[in-house]
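For reference, the structure is listed below as structure tokens.
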Amino acid sequence: AVKDDGHQSIMFFDEALEKEASARRQLESDLRRAVRDNEFELYYQPILNIGSNRVAGFEALLRWRHPERGIVSPDAFIPAAEAIGLIVPLGEWVLHEACRAAAQWPVAVTVAVNLSPVQFESQDIYKVVVGALEKAGLPASRLEVEITESALLEAKEADAALHKLKEIGVAIALDDFGTGYASLAYLRRLPFKKLKIDKSFVRDMRASAESENIVRTVLELARRLDLTTVAEGVETEEHLAALREAGCMQAQGYLTGRPMPGSDVGAFLLNRSLRPSAPSSTAMEGAS
Ligand code: C2E
Ligand code: MG
Ligand code: MG
Ligand code: MG
């Protein structure tokens with residue numbers, strides 16, 4: 001009986017693996033079709049200057065409009081797109097589309113685009129970025145690129161490309177700060193302009209003294225290194241108040257605006273820019 005059970009669980013294990021592999025193959029072939037048929041769309045999430053309560057820019061966030069599954073979020077497909085190299089054409093499309101959209105906005109705020117490490121490995125990302133800017137007629141100073149720490153571990157080519165991008169005026173942001181490793185070495189080596197504090201720290205700021213201390217320490221570090229600070233995952237007025245008090249410069253999260261379709265950005269910007277002073281900015285009026 002013991003032997004049979006063992007045999008059976010091995011069968012189940014095989015079946016589970018086979019199921020997983022087949023789901024993976026399905027996802028990959030769906031992705032290839034999606035790139036071919038252009039099933040992707042960019043959403044844009046506002047980033048606010050905490051001091052003035054004005055929109056500093058938007059982060060472009062990729063969405064997949066799957067014919068059967070509906071809108072699929074990037075965490076569910078970017079790893080697969082990276083594994084089969086599809087992130088390269090897809091990431092190029094994102095750059096072109098984000099620059100094209102930003103060039104049409106009624107207010108000249110920045111657009112931030114996430115880059116995958118694979119994009120640094122298999123193409124000259126500098127050339128791709130310059131091509132997207134030129135085609136859209138967007139000044140380099142309106143583009144930011146976001147990379148995570150893990151992105152840089154593998155990609156040696158990243159250093160040169162990032163320095164060249166900085167030279168022409170593209171801002172480089174270190175995304176999800178605090179969740180990776182070797183952060184301090186990267187801060188010294190690479191030409192970052194911005195540091196985005198990961199939402200996990202922001203979420204726990206009030207409840208945990210440890211998280212609050214981490215956020216304050218990161219903000220102090222950024223101040224000394226002359227980096228712009230952005231807090232991610234700002235969901236409540238309480239988060240925003242704590243961040244303002246701690247001296248964080250910018251905020252991004254459901255409180256300040258959910259990611260929205262490109263067609264809503266123009267109205268959002270006009271509405272925000274015409275409003276003389278929103279209530280939550282009064283405490284800081286004159287301080288920025
Ligand atoms: P990220 O760059 O850190 O983007 C922020 C993520 O936090 C977004 O998830 C956003 O929708 C979510 N978010 C914003 N505000 C809040 C909040 O208040 N609370 C919570 N809980 N979440 C919030 P999203 O859009 O699902 O994207 C997930 C990740 O996928 C991104 O994280 C980024 O790493 C990656 N990604 C998105 N678009 C692209 C892309 O075009 N290219 C590449 N390579 N990666 C992308
Ligand atoms: Mg990002
Ligand atoms: Mg992030
Ligand atoms: Mg992230």
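The values are calculated or read from the model by the stated rules, or taken from the named source; none is laboratory data. For clarity, every value in this text was computed on a predicted model and none was experimentally measured. Positions of Cβ are generated from backbone atoms using ideal geometry, with glycine treated the same way; all protein chains shown enter the neighbour counts. Note: accessible area is taken over every heavy atom of the protein model, side chains too, but ligands, DNA and RNA are not part of it. Shrake-Rupley method; radii C 1.70, N 1.55, O 1.52, S 1.80 Å.
Against the conditions (1) polar (S, T, N, Q); (2) more than 15 Å from ligand 1 (Cβ to nearest atom); (3) modelled with pLDDT of 95 or more, Ser281 satisfies every one except (3).
Mind checking which residues of region 48-62 are in contact (Cβ under 8 Å) with a residue 60 or more places away in the chain and within 10 Å of ligand 1 (Cβ to nearest atom)? Write out each step before concluding.
Within region 48-62, the subset in contact (Cβ under 8 Å) with a residue 60 or more places away in the chain is 48-59, 61.
If the condition is that a residue be in contact (Cβ under 8 Å) with a residue 60 or more places away in the chain and within 10 Å of ligand 1 (Cβ to nearest atom), then Glu59, Leu61 are the ones that fit.
Residue check: Asp75 meets all listed conditions (1) closer than 20 Å to Ile147 by Cβ; (2) surrounded by fewer than 15 Cβ atoms within 10 Å (Cβ to Cβ); (3) more than 15 Å from the chain's Cα centre (by Cα) but one, namely (3). Scanning region 179-209 for residues that are open to solvent by 100 Å² or more (accessible area, probe 1.4 Å), within 14 Å of ligand 3 (Cβ to nearest atom) and without any contact (Cβ under 8 Å) to a residue 40 or more places away in the chain yields one hit, Arg203.
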